[in-house]
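A.B. asks: Structure in structure tokens, see below.
The values are calculated or read from the model by the stated rules, or taken from the named source; none is laboratory data. Since the model is a prediction, treat every value here as computed from it, not as a measurement. A quick note on method: Cβ atoms are made from the backbone with ideal geometry, for glycine too, and the neighbour counts reach across all protein chains shown.
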Amino acid sequence: MSPPAQVSAFILGDPYLREVYASVYRTLAGLIPDVGGAVVEIGAGSALGRTWIPGLICTDIVPAGELDAVVDAQQLPFAPGSLRAIVVKDGLHHLPDVAAFLDEAVRCLTPGGAVLMCEPYWGPLARLVYTRLHPEPYDPARPEWHFTSGSAWDSNQALPWILLRRDRARLHARWPHLRVREIATAVGPSYLLSGGVFSRTPLSGRLLRIVHRWEQGRGRSLDRWRLSIIVSLERIR
């Protein structure tokens with residue numbers, strides 16, 4: 001894994017990757033509730049999200065010089081009702097105990113606040129990619145929401161599907177004061193052509209940016225071919 005600052009510089013310098021990240025973070029920024037409190041990102045890496053969400057408090061469990069704090073998402077160091085949003089981009093499926101995180105999120109969010117996430121999707125293309133082509137595990141058969149973790153990079157990319165599809169009733173029963181909204185799918189098949197951040201192909205970033213903009217214009221008609229989903233968990237009381 002490259003140092004976070006180098007990864008951020010690479011993303012920001014590539015026309016395609018910069019636009020993909022910008023579209024996701026701008027969508028998340030537009031969902032931040034207009035209530036009192038701070039906005040915190042967990043799993044923030046090199047604090048790239050601050051590029052599009054000014055004032056974002058960037059945290060991660062892995063130290064990096066760009067972060068505001070080193071934080072365990074399952075033991076948040078924030079006062080009750082002090083946050084209006086918790087941003088999680090590709091981080092939920094790395095948490096070994098999602099229930100512990102959601103308990104902490106509910107405690108820290110002010111009423112009307114929300115957990116705003118971009119996580120792996122479960123459409124046909126996404127399932128193929130995550131089960132056959134991606135190095136991280138995708139285990140939809142895991143009976144529980146937790147897994148044994150020896151590293152911050154351990155994960156189960158099927159966790160969003162488990163929570164939002166297979167165990168949706170259980171999610172509502174455990175946290176009845178969280179309103180789940182599936183906002184939109186995101187990141188089209190152009191991401192595969194690009195190779196992503198760590199396996200970037202020689203294809204022109206400017207050309208791929210044109211393809212991405214075409215994908216963005218297709219709306220929900222391209223859902224089957226998307227790789228990510230944007231979700232809001234709003235604390236309604």
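A.B. asks: Residue 44 is checked against (1) within 26 Å of residue 188 (Cα to Cα); (2) assigned to a helix (DSSP H, G or I) and fails just one. What number does that condition carry?
C.D. replies: Only one criterion is unmet by residue 44, namely (2).
A.B. asks: Could you say whether any residue in the range 47-54 is exposed (fewer than 15 other Cβ atoms within 10 Å of the Cβ) and of a type outside the set (Phe, Trp, Tyr)? Quick ask: steps written out before the conclusion?
C.D. replies: Let us first name the residues in the range 47-54 that are exposed (fewer than 15 other Cβ atoms within 10 Å of the Cβ), namely 54.
Those still in the list that are of a type outside the set (Phe, Trp, Tyr) too: 54.
So far as the range 47-54 goes, yes, one or more of its residues are exposed (fewer than 15 other Cβ atoms within 10 Å of the Cβ) and of a type outside the set (Phe, Trp, Tyr).
A.B. asks: Let me ask something else. Looking at (1) within 19 Å of residue 227 (Cβ to Cβ); (2) surrounded by fewer than 20 Cβ atoms within 10 Å (Cβ to Cβ); (3) touching a residue at least 40 places away in the same chain (Cβ under 8 Å), which one does residue 35 not meet, given that it meets all the others?
C.D. replies: That leaves (1) as the condition not met.
A.B. asks: Which one is surrounded by the fewest Cβ atoms within 10 Å (Cβ to Cβ) among residues in the range 156-191 that are among the β-branched types (Val, Ile, Thr) and under 22 Å from residue 134 (Cβ atoms)? Talk me through it step by step, then tell me what you get.
C.D. replies: Of the residues in the range 156-191, the ones among the β-branched types (Val, Ile, Thr) are 162, 180, 183, 185, 187.
Subset that is under 22 Å from residue 134 (Cβ atoms): 162, 185, 187.
Details: 162: 23, 185: 20, 187: 25.
Going through the qualifying residues, I end up with 185.
A.B. asks: What's the total number of residues in the range 130-162 that are touching a strand residue (DSSP E or B) at 6+ places or on another chain (Cβ under 9 Å) and outside any loop (DSSP other than H, G, I, E, B)?
C.D. replies: Selection size over the range 130-162: 5.
A.B. asks: Name the one entry in 120, 137, 124 that is surrounded by fewer than 17 Cβ atoms within 10 Å (Cβ to Cβ), within 22 Å of residue 194 (Cα to Cα) and either in contact (Cβ under 8 Å) with a residue 60 or more places away in the chain or among the β-branched types (Val, Ile, Thr) (or both). So that I can check it myself, show each step before the final result.
C.D. replies: Working: 120 fails: surrounded by fewer than 17 Cβ atoms within 10 Å (Cβ to Cβ); 137 fails: either in contact (Cβ under 8 Å) with a residue 60 or more places away in the chain or among the β-branched types (Val, Ile, Thr) (or both).
Criteria check complete, one pass: 124.
A.B. asks: Can you spot a residue in the range 168-180 that is of a type outside the set (Phe, Trp, Tyr), closer than 24 Å to residue 8 by Cβ and at pLDDT 95 or above? Spell out how you get there, then give the answer.
C.D. replies: Quick first cut of the range 168-180, residues of a type outside the set (Phe, Trp, Tyr) only: 168-174, 176-180.
Subsequent filtering for residues that are closer than 24 Å to residue 8 by Cβ retains none.
Looking through the range 168-180, none of the residues is of a type outside the set (Phe, Trp, Tyr), closer than 24 Å to residue 8 by Cβ and at pLDDT 95 or above.
A.B. asks: While we're looking at this one, here's another question. Evaluate the following for residue 116: is it of a type in the set (A, V, I, L, M), outside any loop (DSSP other than H, G, I, E, B) and at pLDDT 95 or above?
C.D. replies: On the way: of a type in the set (A, V, I, L, M): yes; outside any loop (DSSP other than H, G, I, E, B): yes; at pLDDT 95 or above: yes.
So residue 116 fits the description; yes.
A.B. asks: Okay, moving on. Report every pair of residues separated by at least 6 positions or lying on different chains whose Cβ atoms are under 6 Å apart, first residue within the range 157-170 and closer than 15 Å to residue 99 by Cβ, second modelled with pLDDT of 95 or more and not in a helix (DSSP H, G or I).
C.D. replies: Every condition considered, the pairs that remain are 160/119; 160/120.
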